[in-house]
Amino acid sequence: MKFVVDNRKTENIVTLQIVPFAHPQGCIGYLMADRASKEALALDVHLDFVYDMSERVKLEGWKLRYVVDSHTHADHPSGAASFAKKFDCIRVTHEQSNHIGVTFHPKDGEQINLGESKITVRHTPGHTQDHIVLITDGALFSGDSLLIGSVARTDFLGGNASQLFDSIHLLQADLPDQTTLFPGHDYRGRIKSTLEEEKKCNPWLLITDRDEFVRNLTANPPPKPANMNDLLRLNRQGVNIEENISVPEVINLVRAGGAASVIDVRTEAEFESEHIEGSHLLPLDKIEEKSDEVRAVPAPRLLLCQSGNRASMAKSRLEKLNVAGLSVIKGGIVSYKEAGGETLRGKLRISLERQVRIASGSLVLLGLVTGFYIHPAFLILSGFAGGGLIFAGITDYCGLGILLSKMPWNRYSSKSNISPVSHSCEASQPGTYAASLTDKKASKR
């Protein structure tokens, strides 16, 4: 399912123009600008959307003043640092975030001004201790506290279910029912709701007893986000994702359960023959048309092929589509195995590199034989094969390899093995409470 919305469309809230940017991972970032002064603010910028959001700011002629992270993100790399650098503006987080490079830590209830538009910052601990929300006339940008039909999880980063209960109920009490809710995540392609709708339909808001809320929220936590520790380091320290990653680092990552970030760009036959358990198959020749599937993989995204060449090509192609957070696994699966990395083996297939060598050698031999026995003009085949190998060596581009990858024997399944978006920041739905609620509704019918 494709979640990216047409961000040419906007929402208008009183004096503000709102542009949402929805990501295939379920994250939602926002640009908001005062229509009169054109002063703007960016909220929860995903690293993949730095380019798109920058282009929108330039297109509108906005003066970007602030870049805000609603909290320390554990499921995706923040683009706040690079985005703020592009526009020389102020980064904003809660003081408990301890993000390097942030100069403005607003207090609870403090206001940020965009021209005549006033945005109130509220400290809403629960999902994390450093969580804040933004409130304008008619709108609540709730980050990962209150979601559409759900709430945030509280089982890591100092989360506290009791605090979350207080935070979301205080917001309900202070804001009109007609307030538009813009969440920081949605895993079903939605962008907005209203507090009135949430009070009616959100099962978590129907729980009015704190103890019951806490019991349900802490009873069945979903799996933690992949590569959470790496992402926390990236988002707190503002370090760059490396162009390449060493095999020992990959082995450690896979052993720690991070194989979901490995994207294998070899052919389907090669993948079927041998692959890293838990990795994703996305062949090089499909990488551009399925770039959203790459975005759905938790960053840092690690590109793997047989020896590293195709992974480098995939990285180049994806970066032209503004996909960020990519690292090439140096030496590919060959080096990974040599260093002791474990793989799953299936039916043995000839690797694409070996197929290229076989095909090139065959062309050379065919040219020599036919040139000697039939006509010297056939020697051009040998020259063509040799020239192609030299070109591939110089440019790192092998047309013969790309052609062979499309052959029927290299295709065994066109189905991608990239899983649907995992709801990594959303709480599991209330268990016994949700069931009883369903029973009550059924009895009323």
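Of the helices (runs of 4 or more DSSP H) entirely within segment 281-359, those holding at least 1 residues that are closer than 23 Å to Pro24 by Cβ, in the same structural domain as Ser246 (by TED's automatic domain parsing) and touching a Gly at 6+ places or on another chain (Cβ under 8 Å) occupy 309-320. Taken as a whole, the condition of being assigned by TED's automatic domain parsing to the domain that holds Leu16, in contact (Cβ under 8 Å) with a residue 60 or more places away in the chain, surrounded by fewer than 24 Cβ atoms within 10 Å (Cβ to Cβ) and of a type in the set (Asp, Glu) applies to Asp75. Scanning segment 129-143 for residues that are among the acidic types (Asp, Glu) and crowded, with 17+ Cβ neighbours inside 10 Å yields one hit, Asp130. Strands (runs of 3 or more DSSP E) fully within segment 100-201 that include at least 1 residues being closer than 27 Å to Arg35 by Cα and under 28 Å from the mean Cα position of the chain (by Cα): 117-123, 132-136, 139-143, 180-183.
Count of segment 106-128 residues, restricted to those that are surrounded by fewer than 18 Cβ atoms within 10 Å (Cβ to Cβ) and not β-branched (Val, Ile, Thr), is 9. For residues that are part of a loop (DSSP other than H, G, I, E, B), touching a residue at least 40 places away in the same chain (Cβ under 8 Å) and surrounded by fewer than 20 Cβ atoms within 10 Å (Cβ to Cβ), tally how many sit in segment 243-280. Residues flagged as part of a loop (DSSP other than H, G, I, E, B), touching a residue at least 40 places away in the same chain (Cβ under 8 Å) and surrounded by fewer than 20 Cβ atoms within 10 Å (Cβ to Cβ) within segment 243-280 amount to 3.
Within segment 304-327, restricting attention to residues that are touching a strand residue (DSSP E or B) at 6+ places or on another chain (Cβ under 7 Å) and under 17 Å from Leu281 (Cβ atoms), the residue that is surrounded by the fewest Cβ atoms within 10 Å (Cβ to Cβ) is Lys315. Residues of segment 348-369 that are surrounded by 17 or more Cβ atoms within 10 Å (Cβ to Cβ) and either at pLDDT 80 or above or among the basic types (Lys, Arg) (or both): Arg349 alone.
The values are calculated or read from the model by the stated rules, or taken from the named source; none is laboratory data. These figures come from a predicted structure and were not determined experimentally. Every residue, glycine among them, receives a Cβ derived from its backbone with ideal geometry; neighbour counts consider all protein chains shown.
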